[in-house]
Amino acid sequence: MTEPSFVVHASRRSSGLPNRRYEYRIWPRQTHPAVSYLQRTWRLVAAEHRNDIYLIPTTRNPALVKLRNGQQLEIKRRIRDVGTIQLWTMPVSTGFPLANAHRAQLAQALALSGGFNVEAGQSPAHLLAALPARAPALVSQTVRKSRLIFRRGNCRAEICRVAVDSWTGLSIALESTDLSSVAIAMDDLQFGQLRNRSYGEVLGLLCGLHPAGSRLPIQFQPHERR
């Protein structure tokens, strides 16, 4: 578990974005024009390296669970789609040890019957150690991220170099509490031809948890899991 290698400006979600926000995330096969456009015309507000640990169920799930930088439990939930734009909320963002309510919300997000005991909520290490017995089919996957965060008006944009084991790729995302701000930015950045896919969907494909017929939206084929 590592701390961010560098931070230009605080980029915690709690400091800039409320609980509900609209999102659009693409995974281009090659460098997308949005990369240079964002760097030229949007305001850079943050940069960081971070390792997140995602807890990925074997079935598709409206919830997305991760240990942010291996330390902070975050649970996001996809409420609905507005056209191709996704609306997400984050009901849980908390450190350890986990309260009773947070352990119950975690079990619900992972579609597990029953909750986690007090010991499992003592630390990230305790939680990860408890998962094989509680959810043997669930995959815990470390995702290494190198991110640049930009802002224009009410909209935030992210360019992220992503590494999962030996696989690497590029993700570009838009986030805002205002639906129209995301829609306008999508047009400006020419996102319309690329599908909106969350981290949960892409990691499910990379880890082989989703149907084999699902096509990866990214340049490289998934590596063989060790």
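Laid out as a table, the results:
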{"quantity": "Estimated distance in nm for a label pair at Ala130 and Ala99, the labels positioned 7 Å out from Cα along Cα-to-Cβ", "calculated": "1.7 nm"}
{"quantity": "Theoretical gain in end-to-end length, Thr142 to Gln190 [0.36 nm per residue, Cα-Cα removed]", "calculated": "14.3 nm"}
{"quantity": "Asn19-Ser180 pseudo-label distance in nm [points 7 Å out on the Cα-to-Cβ vector]", "calculated": "2.6 nm"}
{"quantity": "Unit charges on C-beta of K, R, D, E only; dipole of segment 82-205, Debye", "calculated": "200 debye"}
{"quantity": "Pairwise label distance in nanometres, Arg161 with Thr41, each label 7 Å out on the Cα-Cβ vector", "calculated": "2.5 nm"}
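Read the figures in this text as sums done on the coordinates, not as results from a lab. This structure is a prediction, so every number in the text was calculated from the model and none was measured. Because the Cβ atoms are built from the backbone with ideal geometry, glycine has one as well, and the counts that use them run over all protein chains shown.
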